[in-house]
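**Student:** Please find one structure pasted underneath; my questions will follow.
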Amino acid sequence: MGRFAVLVYGILSYLLFLLTFLYMIGFLGNVLVPKTIDSGFRSELLPSILIDVGWLGLFALQHTVMARPGFKERWIRIIPAAAERSAFVLVTNLLLILLMWQWRPLPELVWSVDGIPARTLWVAFLAGWGMVLISTFLTDPFDLFGLRQVRCAI
């Protein structure tokens, strides 16, 4: 993979992250997106829980395995070292997209809140996502999402 291709790969991986991040806000908040945490194919309680926990477990496994130094050492034998972090970001986002697409809502309403408590929860929900976004800037988003590595490779 050439230097320019690594740069393009890193930028596309980052753009996919941004789209996935925004979609996930709508997915979890049940707003502005076609598929949300409460929409889609409904099955019985146990299959829904098993499927959802399975997808969450796969996401956790990917994060755990790909973050290990041993995996990274073997991985950069296949892809350029400068693209390693972008590959992690890409795989993470593809798994999140798959998770949201295949998510099974529970068959019964679990809880519902109206009035002032609902507005308070919305403020907390949005503040939480704001904190996630701000925290990426506190660490160095260019390094976190692989952009620094691909820029240094050119």
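**Student:** Compute the semi-axes of the equivalent ellipsoid of segment 53-154, taking the square root of 5 times each eigenvalue of the Cα gyration tensor, and list them largest first in whole Å. Each step should come with its number before you reach the end.
**Tutor:** Numbers: eigenvalues 232, 80, 19 Å².
Semi-axes (√(5λ), whole Å): 34, 20, 10.
**Student:** Only Cα pairs within less than 10 Å get springs; with that Gaussian network setup on the chain, which residue of VAL31, VAL91, VAL132 has the largest fluctuation?
**Tutor:** Maximum among the listed residues: VAL132.
**Student:** Ok, one more. Determine Rg/Rh for segment 1-111; Rg is computed over alpha-carbon atoms and Rh is the Kirkwood hydrodynamic estimate from the same atoms.
**Tutor:** Looking at segment 1-111, the ratio lands at 1.07.
**Student:** I want to verify a result. In a Gaussian network model of the chain, Cα cutoff 10 Å, which of these has the top mean-square fluctuation: ILE25, ILE78, ILE49?
**Tutor:** Ranking ILE25, ILE78, ILE49 by mean-square fluctuation puts ILE78 first.
**Student:** With springs connecting C-alpha atoms under 10 Å apart, model the chain as a Gaussian network and identify which of LEU56, LEU32, LEU121 has the largest mean-square fluctuation.
**Tutor:** LEU121
**Student:** Based on the alpha carbons, how large is the Rg to Rh ratio for segment 62-101 when Rh follows Kirkwood?
**Tutor:** Here the Rg-to-Rh quotient is 1.02.
**Student:** Give, in nm to one decimal, the length gained when the segment between ARG3 and THR64 is fully stretched (0.36 nm per residue of separation minus the Cα-Cα distance).
**Tutor:** That pair, ARG3 and THR64, stretches by 19.1 nm at full extension.
Here, each number is a calculation from the coordinates, and none is a lab measurement. Every value quoted in this text rests on a predicted model; they were computed, and no experiment measured them.
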